[in-house]
Amino acid sequence: MVRRPFVNGSMTILPVPFGIAAPECVAAPVQRDNHLGNVQSGQESGFNWTIPSAAGVNGAGDASNCVARFRYNITTADTQVCEDPTLTTKAQCVAAGKIWSAAYLSSTNNNAVEGNNNVANGNNNPPLLEGNPDMDMGGTLTDTGGENSLLELAVNTNQYGRTFQDRTHVFEIQSRPPAIGASTVIHNLNVKGKRGNIVQTYPATEYDFTPNPLVVGSNDMVHVQWTGNDNTNNNGNNNGEGTNNEDRHNIVQLSYAGQSVATPSANQADMFDVEWEWNPESTGTFSGTRATADLTQQFALSKQTGCLTEAQINGDQQRQNCQKLNAAAATVDLGIVKFKKGDYDYMSSRNNNFSNRAQKAKLTVLQSSSVPPGEPVGVTVTAVDSGDSSKASAQVSWNLPGSQVPYTGFDGKSYMGMEQQASGGVVDFYVEYSIQGGSTGTWVAAGPQCTGNIRTCTVDGLPAGTPTVFRVKSGSVGGWGAASAISAVKTADSDTSRECNKRLLEEAEGKYTNPGEIVAIVFGVIAILLLIGAVIFVMRRRQPPPPPAPQYKAAVPPAY
């Protein structure tokens, strides 16, 4: 861990021990009360841990006796005190800039427990609970009997503010064999869970393969290995096959997952007729190159030796009863295999109990050389000021492929990409947008600033005041994955776009008259007026002239 002491008011970072970076500190996910298991994403609570790779090959740089410690802590609001013991209320503690937490609870607080020294309920500072305390609801309830009574809480204070399930595991890190290149992807196929039915294993899970399902590329390798326990601490009362208290597994192929009986041996070649295999055993019974029949047998029997015949077997608990895998080791390494393209269903015969347990899984080997990454999640878009009213900009952000729903930590923050299914092999991202609703053929590349191993970028040169949709693709050695769900935003308006939007709104409300229509009306009115004038003119030409004035009448000749 990196130490950061304060020296003369400034922070000094000391050298990192062994060259290892400081550990990542992430708040535990919120889960349903009394239900240790799935978080908001629907996946099991967990943490993706990247272990530094061992240097070298063929044993050089391997790391043995590595230790991982897992602790399950209980912290309740009823056991919180201040880091400064002189401050006895949360308000005082927070006002002083101190931390109010169960981490500072110690035996020095024993005398502050309610009920000690005849102190009335809730009057201590801080008010720490006594075991199974009585509750008077602020004096509303009294211990007078008849129609009134106190309420007793079921509180075992021995369980508050303490550490449960402190477990230490020893493991080793092996470098890849010389025959496997550094760029080749190796998937680990393991097992998880514990012996028992769903009730007996709670809050853990029954046996299962992991990952399940497992999807790999045609050039990828699969390292099949698992480890188990020889003392599951259930005293033989946990349901399971074979020797009590022991974890044992194997792999046999199924024609399809609905079956509970392995496929005939002639068809087992479908799964174990492999492209290539690496045997971890360099000496001994199971060393050497393994043909299809060898792989089928080793996967099915988990490398047992000294097996008894069926006539010699006397009960399910007999050590050399290989039918129940009793002679298998708790830790089994079946080596690295390059499977052929196809879909394979398989199970563990020991742990496939028809009544309530089915340790089954599926392996898919793609036609593509590697597995394309999943789609980025949590894509958000925000309109930003571009500094130019005629051109709009938008900022796009996203997260690694995984669950669409982040888990909420006890610190109130959201955490993305923490579930087991989160993809860590992404090396590139690509952003594109459409101003036509994302219809086919309308997507446009966002630009070079939105390509690369990044999580956010700004897209410039967008039309102002326009609804625009965005999507993100992730790329890896397996190529480009599927595009993310689209995210939309309306870019900032310019004067022109604002006037255009106003016109569109008026048209929708029937309040807008097109300028062309106005011109047509004006010309129409002029034409009508001209027509009326022409009619008047013609009508006047067609009327007889008026009679002349009397003074201009012709003289009538006299009569003779």
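Listed by first and then second residue, the pairs with beta-carbon distance under 8 Å, at least 6 apart or on different chains, first residue in segment 209-231 and farther than 13 Å from Ile186 by Cβ, second modelled with pLDDT under 90 and among the β-branched types (Val, Ile, Thr), are Val215/Val371. Reported count of residues in segment 421-480, each being in a strand (DSSP E or B) and among the polar types (S, T, N, Q), is 7.
Yes/no matrix, rows are residues, columns are (1) within 27 Å of the chain's Cα centre (by Cα); (2) more than 23 Å from Gly402 (Cα to Cα); (3) buried (at least 17 other Cβ atoms within 10 Å of the Cβ):
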| position | (1), (2), (3) |
| --- | --- |
| Met416 | yes, no, yes |
| Tyr433 | yes, no, yes |
| Asn453 | yes, no, no |
| Pro467 | no, yes, no |
| Lys473 | yes, no, yes |
| Gly478 | yes, no, yes |
| Thr491 | no, yes, yes |
| Thr496 | no, yes, no |
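Confirm whether Gly242 is out of contact with any Leu (no Cβ under 7 Å at 6 or more places or on another chain), surrounded by 18 or more Cβ atoms within 10 Å (Cβ to Cβ) and touching a residue at least 40 places away in the same chain (Cβ under 8 Å). For Gly242, the condition - out of contact with any Leu (no Cβ under 7 Å at 6 or more places or on another chain), surrounded by 18 or more Cβ atoms within 10 Å (Cβ to Cβ) and touching a residue at least 40 places away in the same chain (Cβ under 8 Å) - is not met.
Among what's in segment 82-123 and is touching a Gly at 6+ places or on another chain (Cβ under 9 Å) and modelled with pLDDT under 70, pick the residue that is surrounded by the fewest Cβ atoms within 10 Å (Cβ to Cβ).
Gly122
Candidates in segment 189-224 are the residues that are hydroxyl-bearing (Ser, Thr, Tyr) and not in a strand (DSSP E or B); of these, the one that is surrounded by the most Cβ atoms within 10 Å (Cβ to Cβ) is Tyr207.
Residue count for segment 128-177, restricted to those that are outside any loop (DSSP other than H, G, I, E, B), at pLDDT 80 or above and under 25 Å from Ile51 (Cα atoms): 7. Inspect all residues belonging to segment 348-358 and state whether any of them is more than 29 Å from Asn188 (Cα to Cα) and among the polar types (S, T, N, Q). Taking every residue of segment 348-358 in turn, at least one turns out to be more than 29 Å from Asn188 (Cα to Cα) and among the polar types (S, T, N, Q).
Taking the conditions (1) among the polar types (S, T, N, Q); (2) assigned to a strand (DSSP E or B); (3) modelled with pLDDT of 75 or more in turn, Asn73 satisfies each one other than (3). For segment 425-453, give me each residue that is of a type in the set (Ser, Thr, Tyr), closer than 15 Å to Ala488 by Cβ and modelled with pLDDT of 90 or more. Selection gives Tyr433, Ser434, Thr442. Taking the numbered list (1) crowded, with 22+ Cβ neighbours inside 10 Å; (2) assigned by TED's automatic domain parsing to the domain that holds Ser474 in turn, Leu334 passes all entries but (2). With respect to Ala311, is the statement that it is surrounded by fewer than 18 Cβ atoms within 10 Å (Cβ to Cβ), touching a residue at least 24 places away in the same chain (Cβ under 8 Å) and not in a strand (DSSP E or B) true? Against the criterion (surrounded by fewer than 18 Cβ atoms within 10 Å (Cβ to Cβ), touching a residue at least 24 places away in the same chain (Cβ under 8 Å) and not in a strand (DSSP E or B)), Ala311 does not qualify. In the set (1) outside any strand (DSSP E or B); (2) surrounded by 15 or more Cβ atoms within 10 Å (Cβ to Cβ), the condition left unmet by Ser183 is number (2). Of the residues that sit in segment 23-39 and are at pLDDT 75 or above and surrounded by 12 or more Cβ atoms within 10 Å (Cβ to Cβ), which one is nearest to the chain's Cα centre (by Cα)? Checking each candidate, the answer is Val39.
The values are calculated or read from the model by the stated rules, or taken from the named source; none is laboratory data. Not measured: the values here are computed from a predicted model. Counting neighbours? That spans all protein chains shown, and the Cβs are built from the backbone with ideal geometry, glycine included.
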